[in-house]
1. Give the peptides 362-372, 45-55 in descending order of average Cβ contacts within 10 Å, highest first.
2. Angle between the Cα long axis of helix 127-143 and the longest principal axis of the chain, 0 to 90 degrees, nearest 10?
3. Calculate, in nm to one decimal, what Trp182 and Ala270 gain on full extension: separation in residues at 0.36 nm each, minus their alpha carbon distance.
4. Amide H to amide H under 5 Å from Val206: which residues, 5+ apart in sequence or cross-chain, H placed 1.01 Å off N in plane?
5. Any chance you could give the angle, 0 to 90 degrees and rounded to 10, that helix 61-85 forms with the longest Cα principal axis of the chain?
6. Compute the projected area of the convex hull of the Cα atoms of the chain, averaged over all viewing directions, and report it in nm² to one decimal place.
7. How far apart, in nm, are the 7 Å Cα→Cβ label points at Ile286 and Trp199?
8. State log₁₀ I(q)/I(0) for the range 94-226 at q = 0.16, 0.18 Å⁻¹ as given by the Debye formula over alpha-carbon point scatterers of equal weight, solvent excluded.
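The values are calculated or read from the model by the stated rules, or taken from the named source; none is laboratory data. Note that the coordinates shown come from a computational prediction; the quantities given were computed from them, not determined experimentally. No Cβ is skipped: glycine too gets one built from the backbone with ideal geometry, and neighbour counts run over all protein chains shown. All accessible areas refer to the heavy atoms of the entire protein, side chains included, with ligands and DNA or RNA removed. Shrake-Rupley method; radii C 1.70, N 1.55, O 1.52, S 1.80 Å.
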Amino acid sequence: MDDAPGTDTASAGLSSEPPAPAESVRGARWALLFGNFVIGCGVMVVAGSLNDLTRSLQVSVALGGQLIAVAAVMMCLGAPLLAAAAGRLDRRRLLAFTLVWYALGHAASALMPSYAALLPVRALSMLGAAVFTPQAAAAIGWLAPAAQRGRAITFIFLGWSVASVFGMPLHSFIGETLGWRWAFGLVAVLAAGAAAWVWAVMPDGVRPPAMNLRAWREVLTHPVLMAIVAVTALSGAGQFTVFTYFAPYYKQVLGAGATQISLLFAWFGAFGLIGNLLLSRHVDRIGAARAVALLLGAVALSMLAWPLGTGYLSMACVLLPWALGMFSANSAQQARLGHAAPALAPALMALNTSAIYLGQAVGAAGGGAMVAAQADAGATGPGLYGGLHWVGLAWVLAALALSRWAARRLRRDGHA
């Protein structure tokens, strides 16, 4: 790894400041984990409550799914642009303000009278997600001692996995029983609480060094590093082609009610958390690149077996490999990028975050276009969603192929 790209630490502006006291780091870790949990809940709230949202606002499932695509575009573009703009701000104030923005945005979204009014409010509120997740990772990395930095960053990212376990099924249940507005309102309350927690425990003066132009240029012109980032976008596109429409699929194809839909989301989220925990335990032993290949292979297996999920139990079995791979694959990608070019990690993390959201936008929009086309052709029930998993599988296989190419190039160049 001595010859890995970007090993000049000056180019990334790595901090030489001493770490914060252990008590400050512990408090910040838990507050930022909860903040990521809230961010994850807000990102997933549309997918969880999509059935009631489309019914209440009298729009199609395909159009409702575009709320996910538009939000993902805002997060994709916002992550690197806002990272540059906010590079020198104190992170206690930045992160707390971001969560307040998130709370106000979701509260306003819950009050919107129509889809046309909801769309721009939803898009603007998701700028909070674009800022919080990468900046929280940078902040905890700056606070923690060097020997604990990777573990601290991985710890706060568990908030997303916990959101998939509790947030998604809770949104689904609330959306099916009380309505989508209550689900959005819950996110607003949680975000306000997270803002107060971050403000209370984060120390003042947390200012990770801003990335300079040299580091960004080195990342953006390195074909292998950009290929690894593209793996994240491709796999996200494949997964969100189908994942976005889980709730209506369960209801219209499986005949699931509110409780059954929530249980399927909870099952998916629980194994997503297990996948992340297993990854953090074994990634150093098996290697991040190999872990990515195994996890994306698990997702592909579920998509290949998708037609076999004709009932609740069979669908739960089909979902299991996918759940193990979905969230942990992104975590493995973060570890892989940090290992390939440690000094360029800040820029790579920001770009990988953008790639996650870009994949979500492409997948949600593409899946929505397919559903709309099927509806225009007169399809109903299973016919509306029949081809989604094949398109998703093609995206994921493309991600696997590109991932293997990048791994071979890094090995050939002596970087991995």
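1. Taking the mean over residues of other Cβ atoms within 10 Å, the ranking is 45-55, 362-372.
2. Its long axis makes an angle of about 30 degrees.
3. Values: separation 88, 0.36 × 88 = 31.68 nm, distance 2.35 nm.
Answer, rounded to one decimal: 29.3 nm.
4. Arg91, Arg92
5. For helix 61-85, the angle is close to 10 degrees.
6. About 18.0 nm², averaged over all directions.
7. 4.4 nm
8. Once normalised to I(0) and log-transformed, intensities are -0.97, -1.11.
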